[in-house]
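The values are calculated or read from the model by the stated rules, or taken from the named source; none is laboratory data. Everything numeric here is computed off the predicted structure, so don't read it as measured data. Using ideal geometry, Cβ is built from the backbone for each residue, glycine included, and neighbour counts are taken over all protein chains shown. Accessible surface is based on the protein model in full, side chains and every heavy atom, while ligands, DNA and RNA are left aside. Shrake-Rupley method; radii C 1.70, N 1.55, O 1.52, S 1.80 Å.
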Amino acid sequence: MEQQKKKVILSGIQPTGIFTLGNYIGAVKNWATMQDEFHCAYMLADLHAITVRQDPKAFREQTLSCCALLLACGLDPEKSVVFIQSQVPAHAELSWILSCYTQFGELSRMTQFKDKSARHADNVNAGLFTYPSLMAADILLYQADLVPVGADQKQHLELTRDIANRFNGIYGNVFKVPDGYIPKVGARIMSLADPTKKMSKSDDNPNACISILDKPEVIVKKFKRAVTDSDMEVCYREGKDGINNLMTIYSAVTGLTLDQITADFAGRGYGDFKTAVGEAVAEELRPIREAYDRFMSDRASLEACYHQGAERAARLAERTMQKVKKKVGFIL
Ligand code: TRP
């Protein structure tokens, strides 16, 4: 019997701040569980992050912290390739080449570009515009089969597929055309203060967002203050955004289904439910915070880890780079 080859997964996250509970449940927790089933490469997208101005000192610290966080969340450098994007030059290199196979019109239609250029009107730089070509390079370099992304990145992934197909159409099969991957669990986590908005680390209201390094007492307190509705029933229904969000979170950390949660909290008030969610999240995050502290207090191992990750990533990326350069007609 022919053995099925493990599929390749690539995903990335920008190191622009300590991850939120939303980043964890929606992305990184799933990344960790996929490590046995797939060949995984996970990247801190620092090249993407400089499309918005960063303070160099804070940025460097944040990138290190995020690296420690990925490990603390269970990414295992023995199983997966965990690396920092800027440490693998092939990303910038392929990005330039792919930008010559990406149309101005396509990039102009990206909704994230339109949103971000409206929000940062004083810095609508070319990198913000060509951001999707860089993301295409990230993915295509590793010949990824599957790319776990949130809803906000789907359009970029579609463009990646278009670029790959276009390039393959001209030069033959160079790139694997990747599919999106929607994990079985892990949904969009919303703000605790306004459950119609996505949970965001840049929210002005400190109660809106749980940082994965928040202390247990703080977590419990924030959940107690979470905005819900004036009804009393713990059930998942349209119009109950706050409760729906808390149920999604509770389900993600306990593994209980929405129906089980409704049954467990039948006849109990929101107060009880909010406390239970807060305590469950605090317990889930406690070992992560402890592991993070260990990784951060041993900078030498952290450094060894991302250097080794970058070396492995560079080796994989170089295979694709050689093919691309040859096809395009560069002298090797
Ligand atoms: N653009 C993604 C984000 O902001 C991060 C990212 C960069 C990424 N390169 C990627 C995600 C490649 C998946 C695959 O969320």
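Quick look at the values:
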| item | result |
| --- | --- |
| Val174 being in contact (Cβ under 8 Å) with a residue 60 or more places away in the chain, among the β-branched types (Val, Ile, Thr), assigned by TED's automatic domain parsing to the domain that holds Ser80 and away from the ligand (no atom under 13 Å from the Cβ) | yes |
| Qualifying residue in region 49-56 (condition: of a type in the set (Lys, Arg), modelled with pLDDT of 95 or more and either assigned to a loop (DSSP other than H, G, I, E, B) or away from the ligand (no atom under 11 Å from the Cβ) (or both)) | no |
| Residues that are closer than 12 Å to Gly22 by Cβ and either open to solvent by 40 Å² or more (accessible area, probe 1.4 Å) or in a loop (DSSP other than H, G, I, E, B) (or both), drawn from region 203-216 | Asp203, Ala208, Cys209, Ile210, Ile212 |
| Members of region 91-122 that are in a helix (DSSP H, G or I) and within 21 Å of Gly329 (Cα to Cα) | His91, Ala92, Glu93, Leu94, Ser95, Trp96, Ile97, Leu98, Ser99 |
| Residue within region 275-284 that is more than 30 Å from Ala193 (Cα to Cα), part of a helix (DSSP H, G or I) and open to solvent by 40 Å² or more (accessible area, probe 1.4 Å) present | no |
| Number of positions in region 146-169 that are closer than 17 Å to Leu98 by Cα and of a type in the set (Asp, Glu) | 2 |
| Flag if Ala58 is over 12 Å from the mean Cα position of the chain (by Cα), free of Cβ contacts under 8 Å to residues at least 40 places away in the same chain and open to solvent by less than 10 Å² (accessible area, probe 1.4 Å) | no |
| Qualifying residue in region 177-184 (condition: among the charged types (D, E, K, R) and without any contact (Cβ under 8 Å) to a residue 24 or more places away in the chain) | yes |
| Ala68 small (Gly, Ala, Ser), at negative phi and either within 12 Å of the ligand (Cβ to nearest atom) or not assigned by TED's automatic domain parsing to the domain that holds Phe175 (or both) | no |
| Enumeration of residues in region 123-168 that are in a helix (DSSP H, G or I), near the ligand (Cβ under 9 Å from one of its atoms) and at pLDDT below 95 | Asp152, Gln153 |
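Table: residues versus (1) open to solvent by 20 Å² or more (accessible area, probe 1.4 Å); (2) polar (S, T, N, Q); (3) within 21 Å of Thr160 (Cβ to Cβ).
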{"position": "Lys29", "(1), (2), (3)": "yes, no, no"}
{"position": "Asp36", "(1), (2), (3)": "yes, no, no"}
{"position": "Thr63", "(1), (2), (3)": "no, yes, no"}
{"position": "Ala90", "(1), (2), (3)": "no, no, yes"}
